[in-house]
Structures are given as C-alpha cells and as structure tokens.
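Visitor: One structure follows; several queries about it will come next.
Coordinate-derived values only; no laboratory data. Computed from a prediction, not measured in an experiment: that's the story for all the values here. Note: ideal-geometry Cβ built from the backbone for every residue, glycine included; neighbour counts use all protein chains shown.
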Amino acid sequence: ELVVHITGARPNFPKAAPVIRALEARGVSQELVHTGQHYDEAMAKVFFRQLGLPEPDVDLGVGSGSHARQTAAIMTGLEELFLDRDPALVVVYGDVNSTVGAAMVAAKLGIALAHVEAGLRSFDRTMPEEINRVVTDQLADLLFTTSPDALVHLGHEGVPADRVHFVGNPMIDTLLANLDRFDGDQVRGALGLGAEYVVATLHRPGNVDDPADAAELVKAVHAVADQVEIALPLHPRGRARLEAAGLFTHERLRVIDPLGYVEFLGLVRGARAVVTDSGGVQEETTILGVPCLTLRPNTERPVTITHGTNRLVTRPELAAAAAEVLAAGRATTWSVPPLWDGRAGERIADVITAFVGVAVSPWEA
Ligand code: UD1
Ligand code: UDP
C-alpha cells in the first residue's frame, strides 16, 4: 500500500520530514514527490540535505508561474504519476499551490487524501493560501490538525468530525529535533552582527507585490533599523520590488539571501525579536520564546497569540511595537500550545498506518 507525499515549497519540507521518518519506522512503503514549485538551492535543496529527507523519487520541475499556470503544471504532472503509481494515500502539507493541486488530482482519481495542517483559517480570501486551505480540506479523507480551533472551523464547513485528527504540529517536531544544531552566535558572527539584533522575513503578496505597500513596508522596517540591527534573509518574491523601494539603503539593515533551515533558526533563536509575515515563523518563535511581530491584518494561527509570543501589527505600528518589545526583553509569559511536543509525526503515522491497513479493496481482502 503505497503512500505518496507531495512537497514543493519551502514550508512543506519541515512538515513532511517527521511524517516520512515515522512511516519509515513503521515499514510503510512511500514515495516523496517534489513538485519544484520552489527550486533555488536556498529555497528547496538545502532543506532536503539539512532535514534528512530522502532524495525525491520524482521532481516535476514545475517552477514559477501565475497561479493557474503553476497549479495546472502541478496537476498535469501529478495526474500522470498517480495513474502510474496507484497510491493508497496521497499526503499533502500546508497551504501552497502544490497542496491544492495534488488534492484536486487525488480526489478526482478517487485516491484517498490526507491533509497535514488542516483547518487553519484566516477568513481572508484575498490570501491565495486561504483558498488552498478551504478547497484542500473539503477534499481530504484524513485531516490532521495542529490546534483545537481547526476542528471548529472544519465543523462549520461541514467536514465530518470523524475525519479530523488533532495530532499537534509536525513543523515543531522538526524544530525540537534540531534544537541542538541552532547556534545563533555562529551565524551572527558570520554575518558580522552585534549581540542585539532582530531577524526579519517578508514575502506575503499583501506586503510586497504592490509598489505602494512595498514603500510603506520599507519605511516601517527602516524605522526598526533606526533602533536595532536587522538581518533580513529575503525571499526571492519581494526582492526586486523592495529593492526598488529603497530597502537596501539602511546601513543597519543586512539584507541577505534566504538562509538554510539550521542557520535561519539559529539566527532566530539568538534574536531579540522577529518581524515577519510568514506562517511557520509565527509558530517557531512561539516555541523558541522569541517575541514575534507579524506584519499582517490577521493570522490563521491564533494559538501563536493566545499561547505564544506573537502579536499582529500594521506597517505604521511596527516601529512603536518594536520599541516596546526591545525594552521589555525576552518573552517570559508564553506557553507551549497543546500537543506541540515533538510527537505529531508519530501520531500522524499511527493514523495513516491504520488507514492504509484497512483501505484494501474487497477483492484483495
Ligand atoms: C509560496 C506559497 C506561500 C508560502 C511561500 C513560502 C502559494 C500560493 N504560495 O509563495 O503560501 O508562504 O511559498 O515561501 O503556493 N522564486 C524564485 N525561486 C524559487 C521560488 C520562487 O526565484 O525557488 C520567485 C519567482 O519569481 C516566483 C516567486 O518567487 O515567481 C513566487 O514563488 P511562488 O512559489 O509562486 O510563491 P511564493 O511567493 O514563494
Ligand atoms: N526559513 C528558512 N530560511 C529562511 C526563511 C525561512 O529556513 O531564510 C524557514 C522557516 O524557519 C520555516 C519555513 O522556512 O520553517 C517557513 O517558510 P516561509 O516563511 O517561506 O513560508 P510560510 O510559513 O509563510 O508559508
């Protein structure tokens, strides 16, 4: 009974790694697909190496494009692959185009579908990720959730509760498993940063795609750099527009290429605070106890606020919020969200093993 995992973009890799490892230990036969949605060394390949992922069995090499073109390329490639392999289960991760593309192909071929990180909702349909989440969850047979609010959202959308499994957060499994490798001083030294610094990541279309938004963003980030040194490993999406808006001109703002997973989390671990619009980074800072200022009007990850160190801020609010956080020092009152304990991959593997074990057709039984 073959299980096929679909990955494609940077945030997929740390979510898939613990699930693949736990299924491997249970002797389940599996294949790993990389759609190639992300393809740069620093956006994809470095994660395979650092996270001990197997080499992908298939790399579809779809690359970049508009939503329709990219999703269509993912679907065309996967349809052919699924027809050839006839998997018992397809596992998709998170909310990227590779996730929803794979979900639609599996559902139409009548192949069972598991969604890891189901039920998160920003209720903001201007985010492509929200559309990907809603569609994928409607199609999934097994929905693995990271926080209790997800079950409520899925219930409202008519997803039967017996499909939903609250398992915790596999991305946090990866973080906890690699904690010993996160050496902030080493990365900081290599970058020539002082002891007090902030890490920033920015790539959300709502912040970087429109020139007026990008200009406001650059102003906000520069106002933080007036207070403290910043290291900004910049996602390729925003690079040209933010550069045109003057991002690179502040001497205390170090704009660098995207970092490997181990280097990035090393830097975050040693930071005074993080400024981000990432989904995953809100969760990672929650566990590392590093104050996180999220430049978004909403979050699909509310436990990072109720339990963690996260706070939503607008671009004009950022400088004042940073000043507050820098004065307050490290977070002291946060708690770990339920089941973010490093065992989510094991729980997911238990459910999948039972599912593929019983999902044999009557002819084979
Ligand atoms: C995608 C996800 C987003 C996620 C982000 C994580 C969707 C709809 N969006 O956004 O949810 O938060 O990944 O990083 O799936 N590019 C490169 N090299 C690469 C990859 C991308 O230069 O290896 C550039 C290309 O110009 C490309 C642009 O980045 O057009 C956007 O890439 P894409 O994968 O379409 O979306 P992301 O913004 O990365
Ligand atoms: N990350 C990384 N290097 C970087 C920036 C991010 O390794 O320079 C990691 C980060 O720790 C997290 C993942 O990439 O595990 C999140 O990806 P991203 O922010 O691109 O996507 P999102 O979570 O917003 O979908």
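Visitor: Percent relative contact order of the stretch 183-328, based on C-alpha pairs within less than 8 angstrom and at least six residues apart? Please report the intermediate quantities before stating the final value.
Guide: Working: 253 pairs, mean separation 37.9, N = 146.
For the stretch 183-328, the relative contact order is 26 percent.
Visitor: The stretch 102-176: which GluC sites (Glu not before Pro) are DSSP loop and have at most 15 other beta-carbon atoms within 10 angstrom?
Guide: On the way: sites: E117, E129, E130, E157; in loops: E157.
Here the GluC sites (Glu not before Pro) that fit, given the DSSP loop and packing criteria, are E157.
Visitor: Given N residues in the chain, what is Rg(Cα) / (2.2 N^0.38 Å)? Walk me through the numbers on the way to the answer.
Guide: On the way: Rg = 20.2 Å, N = 365, 2.2 N^0.38 = 20.7 Å.
The chain yields a ratio of 0.97.
Visitor: Are there GluC sites (Glu not before Pro) in the stretch 199-281 that DSSP marks as loop and that have at most 16 other Cβ atoms within 10 Å, and which are they? Don't jump to the answer; show the numbers that get you there.
Guide: Working: sites: E216, E229, E243, E251, E263; in loops: E251.
Taking the stretch 199-281 and a limit of 16 other Cβ atoms within 10 Å, the loop GluC sites (Glu not before Pro) found are E251.
Visitor: Return the sequence-ordered ³J(HN,Hα) values of the stretch 276-289 in whole Hz as given by the Karplus equation 6.51 cos²θ - 1.76 cosθ + 1.60 applied to θ = phi - 60°, using x for Gly and Pro.
Guide: Residue by residue, the stretch 276-289 yields 7, 10, 6, x, x, 5, 4, 6, 5, 5, 4, 7, 7, x Hz.
Visitor: Note the full-extension length gain between R181 and T126 as 0.36 nm times their separation in residues minus their Cα-Cα distance, in nm to one decimal.
Guide: On the way: separation 55, 0.36 × 55 = 19.80 nm, distance 3.71 nm.
Computed gain between R181 and T126 is 16.1 nm.
Visitor: To continue, here is another question. Return W340, W334 ranked ascending by Cβ neighbour count within 10 Å, so the fewest neighbours appear first. Provide the component values of the computation, followed by the final result.
Guide: Working: W340 25, W334 21.
Least to most surrounded, the residues fall as W334, W340.
Visitor: As a footprinting exposure proxy, order V224, V28 by other Cβ within 10 Å, with the fewest listed first. Provide the component values of the computation, followed by the final result.
Guide: Working: V224 25, V28 19.
Going from least to most buried by this count: V28, V224.
Visitor: Given Cα positions, please report Rg to Rh for the stretch 254-315, the hydrodynamic radius being the Kirkwood one.
Guide: Values: Rg = 11.3 Å, Rh = 11.8 Å.
Using Cα coordinates only, the ratio equals 0.95.
Visitor: Show log10 I(q)/I(0) for the stretch 221-365 at q = 0.10, 0.12, 0.14 Å⁻¹, two decimals, from a solvent-free Debye sum over equal Cα scatterers.
Guide: So the normalised log intensities are -0.44, -0.58, -0.73.
Visitor: Whole Å is fine, so just give me how far the alpha carbon centre of the stretch 270-288 lies from that of the stretch 143-206.
Guide: About 8 Å separates the Cα centre of the stretch 270-288 from the one of the stretch 143-206.
Visitor: Report the rotationally averaged projected area of the stretch 1-115 based on its alpha-carbon convex hull, in square nanometres.
Guide: Numbers: hull surface 25.1 nm².
In nm², the orientation-averaged hull projection of the stretch 1-115 is 6.3.
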